[in-house]
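Peer 1: There's a structure below that I have some questions on.
The values are calculated or read from the model by the stated rules, or taken from the named source; none is laboratory data. Because the structure is a prediction, the values reported are computed rather than measured. Backbone-built Cβ (ideal geometry, glycine too); neighbour counts: all protein chains shown. Heads up: the accessible areas ignore ligands, DNA and RNA and are worked out on the full protein's heavy atoms, side chains in. Shrake-Rupley method; radii C 1.70, N 1.55, O 1.52, S 1.80 Å.
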Amino acid sequence: MGLSRTIFMAWENLKQRKIHSFANIFINAISVLIFYWFLTIRSNINMEGIEGASTIDKTLKLGVLLLFIIILVFKIYVNNGVLKGRYKEIGLYDAWGFTKPRIYFMLAIERLITGILSLVIGLLLGIISQGLLNQIFIRLLPFANRISNKVEPNNLLITTLSFLILDIFIYLKNVVSIHSLPTITLLHAEEMGEQSSSLNWKDKLQGLLGFALLVGIYYMVQHTKSLGSLEWLLFSLVALFIASYLILYNFITLLIHGLKRSKTLYYQESLFPVIAKLGHSIRQNAKILTIICFLLTGIIIGFSTTISLYQGAERQVEDAYLMDSLLVFHDKAERDEVKDLAQSLAISQGLEVTDSLAYTLFFDSVAYNSNSKSFTSDEKANNIFINLLTNDDFNNFEKESYHLQNNELLAINLPGVQKGDTLNLFGQEFVVKDSLDSFSLIEHNKAGVIEDSYLVISNPENLIAIAELISGEEAVELLNYLELSTTGSQDQKAVFNQSLKAQSDDWESLSYYSHKADVRVEVFSSNSAYLLIVGSISIILMTYIIFTMIYRQVKSARDNQKNIQIQRKLGMSKGGTRRFVLAENSILYILPLLLALLHVAALFNLVCNILVFFTLTDTDLIKSNLILTALIVALMYFAIYLITYLVYQKDSSRRASN
C-alpha cells in the first residue's frame, strides 16, 4: 500500500470522525490560546520600577512551566480516551495486513494535521484577542502606560515549540501503547469493558502516602513562619497537586471500598448504583479532577491576594511611613537645618508642620548568644539585626522619662533578656534597666521582613563607643533621621514635597528622601500591575476549567451509554437513571472544589506571610477577600457545572436516539 494511500486514509479518518476531530482541534486550540496568553502577560507588561519585579518575573516563569505540565496532563487524559476508542479500528487494520509501521505513519499524519490546525487557530485567536484584553484592562485600571499590544515573535516561537514537543511525546506514547498490545487484544478492547476499580497493596500505599503528604504540607505551612515566599507558595501548590492526585486516584477509592463492609449502607437501593460506580469514575477521571482542583486553588489564592493588595494600597502607604516625609542624613547638623527649612516652607504655602521626629540610629548585623546574653564574634552564635538608639530619642518616641546611667540600657525585642539581667557587649557589661517587647518604631515597621532588636543607650558618646565595638571599626557612621507631617490635602502635601525635594541638591549629606505622595503613586501602580497580571491569569485558568469540564462531560456521555442501557434493561426508569447519573456527576465534581477550599484554608498563613513582604498586614482584609473570592469562584464553578451537565444530557439524548 503506497504512501499516498496512507495519507488519504488518515484524511478520511479525520473526516469520518469529524465530531471527535473538531472537538480535539477545538480543545487543543484553546490550550494553545491559553498558553500564548500566559506568555503575553509575562512579556507585554512593563515591570520596571515595580517592587518585587524580579520575584514576579521568576514566578511567572514557573507559572509557564506549571501551565505546560497541566496542559500535558490534560492532553494525555484526552488522548487516552481517544486512543482507547480506536483500539478495535487499529486492530482491524493490523489484521487486514496494514502493517504497524504504516499504522504509525497514518497516526502521525492525523496528529500533524490536527496539530497544525490547532496551533494556527489558537495563535490567531491569541493575537486577535490580545489587543481586546489589553483594552479591557486599560479601561479598568490606571495602568495604560505599562501595557504593550506588540506581538512578540518569541511568544509565537515558544508556543509552537512547546506544543510540538507535547504532540511528539503523546504520539510516541501512542506508538508504545499500540506496539505493546497484540492484535487480538486490540480487536477485543471494547468487549473487555471498563477496568476494575479494585485496589492492590501499591494503590493502598500510594493513597496513604498522598494523605500523609497532604497532612505534612498543611502542617508545614501552618507551623513554619519562615516559609513566607512566592517560591514556597509554588512549591506547596505543586506538592498539593501531587497529593490531590494520589488522594483522588487511590485514597478516596480506598474509602469507597471501605463502605462495602457496611452491607446495609452499600447495598441500599438508592445508593448502590452510585457508590458501585463512583470508585471507578473517580480513578478514571483523577487526572482531570486534579487539574480542576489545582486551577481553582490558584484562582482563589491569586485573585483574592491581589484584590487585597489593591484595596489595601492606602494602608500599605500608611504602614510604610510613620509620617508624611522621611529624610536620612549623615550629618546631624544639616538634618536640623532642613527641619527649620521645612517649617518655614510649610508656612509659606499656608500649611503647618504638625509632627516631627529627629533621631539618630546605628544598625548592623551582629552575633548574639541568647543563653549567655552576650554579643560576641563567635561564628556559631545566631546573627541578629541590632539597632542602637539614644535615651533622649527613645523618650521622644514614647513620651517616656527613662533616665539611664552609663552602665544601663533598655533592651527591646531582644531574645532571652529580662529586666535586671546583665548583658555582655564584647566584654563590657550593662545592666538591663527594662526589657520591652516592642515600641512605636517597631510597630511602625511591623511589616518589615527583618525582625529588628533595639538597644537604648544612655547618651550619644556611649552609643558611638558601643557601635565601634559592634562594627569593629574605629570610626562608625550614624544615620540621622528626620520624619515630619504637615496639614493640608493630599494635593497640597504633594506640592510641599516637590518644593522640599527641589532643594535636596544643596544637602550634601542627604542619603535618602521619600514622601508618601511619591510612594502612594508607586504602590497603586505596582498593585494595579499585580491585579492586571493575576486577573488575566485567573480569566485564562477559568476558561481552561470550562473547556476541560465540557470535554469531560461529552466523554462521559459516550462512556456511560452502555451502562445506562443496562440499567434500563434491569427495569430502572428513565428518571431513576437520570437521578443516579446526576448524583454521580455531582459527587465527582464537588470533590475538586472541596479539596481546593481545603488547600486555600491551609495556605492562608503562608499567603499572609507573603503579603508582609508587600507591607500588607491586614489579615482581616485578606481573610474577607479570600472568603468572598472563594464564594464567587464556587458559585461560578457550580454555574459552569450545570451548563456542562446540560451538555452531557443533550449529548446523551442524541446518542440514545441514534
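Peer 1: Can you give the extra length, in nm with one decimal, that the chain gains between GLU477 and ASP437 once fully stretched, where that is 0.36 nm per residue apart less the Cα-Cα distance?
Peer 2: In short, 11.7 nm is gained.
Peer 1: Taking the Cα-to-Cβ direction at TRP11 and at LEU172 and moving 7 Å from each Cα, how far apart do the two end points lie in nm?
Peer 2: 3.0
Peer 1: Using a 1.4 Å probe, how large is the accessible area of PHE638, given in Å² and rounded to the nearest 10?
Peer 2: 90
Peer 1: Also: Could you please put LYS399, LYS173 in sequence from largest to smallest accessible area, using a 1.4 Å probe?
Peer 2: LYS399, LYS173
Peer 1: Need one value: the accessible area of GLU12 in square angstrom, 1.4 angstrom probe, rounded to the nearest 10.
Peer 2: Looks like 50 Å² after rounding.
Peer 1: Ordering TRP232, TRP201, TRP37, TRP11 by accessible area with a probe of 1.4 Å, largest first, what comes out?
Peer 2: I get TRP201, TRP11, TRP232, TRP37, largest accessible area first.
Peer 1: Given 0.36 nm per residue, what is the gain on full extension from THR160 to SER624 after removing their alpha carbon distance, in nm?
Peer 2: Here the answer is 162.9 nm.
Peer 1: Also, I was wondering about something else. Once label points are set 7 Å from the Cα along Cα→Cβ at both ASP331 and ALA239, what is their separation, rounded to one decimal in nm?
Peer 2: The two pseudo-label positions are separated by 5.4 nm.
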